[in-house]
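These notes concern the structure reproduced below.
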Amino acid sequence: MMNNANEISHHTKLYGFIGEFAGQSSLSAILNKLFKVKNKDAMMIPMNIREDDFYYTVANMKKSHVNGAFISNEYTKNVVELLDEASEAVLKSGMCDIILREGEKLIGDILGINVLAKFLKNRNCKKIALIGIDSRAKAFCFLRDDFEISYFYNDLENLMNFTIEMGVINPDINRISDSVNIDFSNYDAVIDFSDLESLDMVDKFSDINLDMKQKKEFSALKLRADELKANYIGFDAMLEELSSAIFEFLEKKQHLDYDKSNMRF
């Protein structure tokens with residue numbers, strides 16, 4: 001198990017949290033506490049990586065002592081081309097937020113969107129307003145389960161193509177425009193995965209409004225939610241859920257199994 005000083009030994013399983021501002025997040029600290037409580041000899045290390053260094057860092061993970069990594073929002077698309085194997089969700093969406101090293105292979109999957117879906121289900125959310133058509137929106141649609149989703153974006157043609165690509169039957173498509181006021185109060189939750197710089201057209205929000213962005217990321221949703229005194233949920237508000245999900249994912253993949261008689265040097 002981890003010792004009280006959180007020291008890394010020869011047999012400690014190392015994982016990274018890769019992001020431009022990873023060191024400013026409490027994700028690694030929360031997960032490390034969970035490792036200790038569960039008596040697992042493992043540690044996550046925040047890795048502040050600039051975009052210019054991202055490819056080199058991940059590519060070299062294949063021959064490093066790092067066994068995997070959680071990937072911050074800004075790099076979830078970049079990492080896909082570096083994978084040797086990927087889940088169907090990754091291939092369908094074009095994003096990946098968790099990778100494991102198996103030998104000298106990097107295997108990618110999606111975790112954060114599953115955490116988001118579970119978060120919504122636990123709050124009995126069924127009717128969802130989804131803003132955007134990026135890779136995270138694709139992942140949410142792929143994993144949409146029983147949600148009733150209405151789709152919003154400022155480009156109707158691209159939004160229509162998005163729903164066709166994702167195999168949505170009879171989609172509820174809505175155009176976002178500065179000239180038309182929008183009321184989201186009839187939805188159980190609003191998810192913003194768009195690149196919109198402003199949501200000033202929104203007059204009312206739902207009780208749950210989230211985009212899973214970190215504090216350093218610009219959030220049009222947070223800006224407008226604050227103006228309307230509506231509830232906003234970002235990445236930092238879901239760290240407990242994310243940490244638990246990362247732990248369960250690693251355990252499911254048998255990454256946290258450890259036999260003390262078999263020292264790894």
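The values are calculated or read from the model by the stated rules, or taken from the named source; none is laboratory data. Values in this document were obtained by computation on a predicted structure and should not be read as measured data. We place every Cβ from the backbone using ideal geometry, glycine too, and count neighbours over all the protein chains shown. Calculation scope for accessible area: heavy atoms of the full protein, side chains included, ligands and nucleic acids excluded. Shrake-Rupley method; radii C 1.70, N 1.55, O 1.52, S 1.80 Å.
So what is the accessible area of the chain per residue, in Å², with the probe set to 1.4 Å?
Here the residues of the chain average 51 Å² of exposed surface.
Counting only protein heavy atoms and a probe of 1.4 Å, the accessible surface of segment 6-134 is 46% carbon and sulfur. By the rule of a C-alpha distance below 15 Å, with chain neighbours fewer than 8 residues away ignored, the aspartates and glutamates paired with K127 are D145, D146, E148, D172, D183, D188, D192, D207. Calculated mean residue ellipticity, 222 nm, the chain: -8500 deg cm²/dmol, from DSSP H runs (n ≥ 4) at -39500 (n - 2.57) each, averaged per residue and rounded to 500. Checking (1) 26, 21, 18; (2) 36, 19, 16; (3) 31, 24, 16 against the coordinates, the calculated semi-axes √(5λ) of the Cα gyration tensor in Å falls under label (2). Checking the Cα-Cα distances for K121/K253; K36/K77; K138/K229; K118/K252 against a 26 Å cut-off, the pairs over it are K36/K77; K138/K229.
Site-free segments of the chain were taken between GluC sites (Glu not before Pro) in DSSP loops having at most 11 other Cβ atoms within 10 Å, sites themselves excluded; the longest one is 8-103. The listed residues H11, H255, once ranked by accessible area (1.4 Å probe) with the largest placed first, stand as H11, H255.
Using the Cα centre of segment 1-113 as the reference point, and only Cβ charges (+1 on K/R, -1 on D/E), how large is the resulting charge dipole? Debye, rounded to the nearest 20.
Numbers: 12 positive and 15 negative charges, 101 e Å.
Here segment 1-113 has a charge dipole of around 480 debye.
Give me log10 I(q)/I(0) at q = 0.09, 0.22 Å⁻¹ for segment 61-178, Debye formula, one equal scatterer per alpha-carbon, no solvent. The computed values of log10 I(q)/I(0) come out as -0.29, -1.19.
Within the chain, what percent of beta bridges assigned by DSSP are antiparallel, to the nearest 5?
On the way: 8 of 39 bridges.
Given both bridge residues lie in the chain, the antiparallel proportion sits at roughly 20 percent.
Of the residues S64, Y153, I8, the one whose Cα sits farthest toward the positive end of the charge dipole of the chain, with +1 on the Cβ of Lys and Arg and -1 on the Cβ of Asp and Glu, is I8. Annotation: Y232 carries an accessible surface of approximately 50 Å², with a 1.4 Å probe and no ligand, DNA or RNA atoms counted. At most 16 other C-beta atoms within 10 Å and a DSSP loop state: those are the exposed trypsin sites (Lys or Arg not before Pro) I care about. Give me the longest piece of the chain that has none. It works out to 145-214. The order of D145, D97 by accessible area, most exposed first and with a 1.4 Å probe, is D145, D97. Computed about its Cα centre, the charge dipole of the chain is approximately 1080 debye, with only Lys, Arg, Asp and Glu carrying charge at their Cβ.
Between M44, I113, N170, whose Cα lies farthest towards the positive end of the dipole of segment 34-172 when Lys and Arg beta carbons carry +1 and Asp and Glu beta carbons carry -1, centred on the Cα centre? Positive-most Cα among the choices belongs to M44.
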